[in-house]
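Report on one structure; see the data block that follows.
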Amino acid sequence: MSLRDLDPVLSTSKKLAAMGVLANARDVEFSFLREHLELSDSDLSKQMRALTEVGYVTVKKRGRGAQRRTWFRATSAGSAALRSHIQALNDLVLDSLPPPKPQPQDAEEASRSK
Amino acid sequence: MNRTVSNMEIDEKVARRHLAEVDGAMRASVDGQLIDPPQWWFPAVALYGPAIVAFFAASSDVEPYSSQIANALRVVAVAAGAVAVVAIVHELRAQRKARVRGRAPIFGGKTSGWMLLFSLPYSFATIVLLNAMTLHSPSRTTQLVLAVGAFLVLAYVPMYAWRRHAEAMRQP
């Protein structure tokens with residue numbers, strides 16, 4: 001796992017958050033995503049279209065008339081991409097941490113070995 | 001350390017923010033699931049499987065079932081059937097209302113496979129045990145108490161396992 005695993009599609013926080021919601025559920029309705037991500041209808045449609053085009057999400061419309069709802073589901077490719085991306089982000093955070101200082105006990109052992 | 005992805009520089013700060021956001025999104029998804037995963041299914045089936053077999057056995061007038069035990073088994077069979085129906089109706093109604101539909105626990109995790117394998121001999125073993133208890137116990141009252149007690153205890157085991165599994169599957 002390396003920084004190369006950072007997914008360009010998931011590098012925007014809107015798409016990443018959308019995938020985060022979808023990853024833990026079977027199906028998520030449009031209005032739930034809109035409320036959680038605090039996006040307008042058009043912006044959410046745009047984000048979800050981009051995720052659909054790369055095969056990370058599938059869309060289904062169910063119901064008729066006023067009851068018609070749009071449901072999204074993460075594909076296995078989408079879930080795998082999210083996992084890799086999260087791992088890469090974690091690695092990036094870990095790499096930025098300063099190396100641990102040697103403990104006094106370790107220093108003593110090092111001097112003895114000399 | 002940082003990296004440019006899609007004309008966007010991701011450094012440690014951005015990575016931390018993204019991780020926090022995705023964590024929040026995953027939690028929202030779990031919290032948004034108005035319904036619990038179908039935790040009742042396995043216990044309902046585990047209860048209902050042996051109960052329905054016992055019901056037919058009790059109805060066939062075959063020894064060693066006393067009429068008292070036969071009646072008790074019929075009651076248990078009907079009660080377990082009612083639990084199964086309530087579980088199914090509850091699940092279907094909740095599924096229709098929910099805006100976030102959770103994954104059924106059976107569709108994930110290694111435990112699912114083991115539990116599926118376990119459930120098949122489980123019903124059979126329950127019947128065998130109940131038969132053995134009714135054959136070898138001294139009185140009919142004892143038979144009845146043992147049979148109902150064993151039935152309830154044996155139903156609790158898969159119920160507990162299933163709940164643990166369902167909880168594990170719901171973790172973000």
key: B versus A: buried accessible surface, summed, Å² (probe 1.4 Å, to nearest 100)   = 3000 Å²
message = So for each of A:6-12, A:49-55 I average, over its residues, the number of other beta carbons within 10 Å; can you give me the resulting order with the highest mean first?
response = A:6-12, A:49-55
request  = Please tell me which of these pairs span more than 20 angstrom C-alpha to C-alpha: A:14/B:97; A:15/B:97; A:46/B:97; A:15/B:13?
outcome  = A:14/B:97; A:15/B:97; A:46/B:97
ask   = Arranged from highest to lowest average of other beta-carbon atoms within 10 Å per residue, in what order do the peptides A:18-26, A:74-82 appear?
value = A:18-26, A:74-82
inquiry  = At 0.36 nm per residue, and after removing the present C-alpha to C-alpha distance, how many nm does the segment from residue A:45 to residue A:96 gain when stretched out fully?
reply    = 14.8 nm
query = Roughly how big is segment A:3-93's charge dipole about its Cα centre, with Cβ charges of +1 (Lys, Arg) and -1 (Asp, Glu), in debye to the nearest 20?
reply = 540 debye
note = For peptide A:35-47, the mean count of other chain Cβ atoms within 10 Å per residue Cβ is 1
request  = Provide a whole-number value for the mean count of partner chain Cβ atoms within 10 Å of the Cβ atoms in peptide A:6-17.
outcome  = 5
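The values are calculated or read from the model by the stated rules, or taken from the named source; none is laboratory data. Not measured: the values here are computed from a predicted model. With ideal geometry, Cβ positions are generated from the backbone for all residues, glycine too; neighbour counts draw on all protein chains shown. All accessible areas refer to the heavy atoms of the entire protein, side chains included, with ligands and DNA or RNA removed. Shrake-Rupley method; radii C 1.70, N 1.55, O 1.52, S 1.80 Å.
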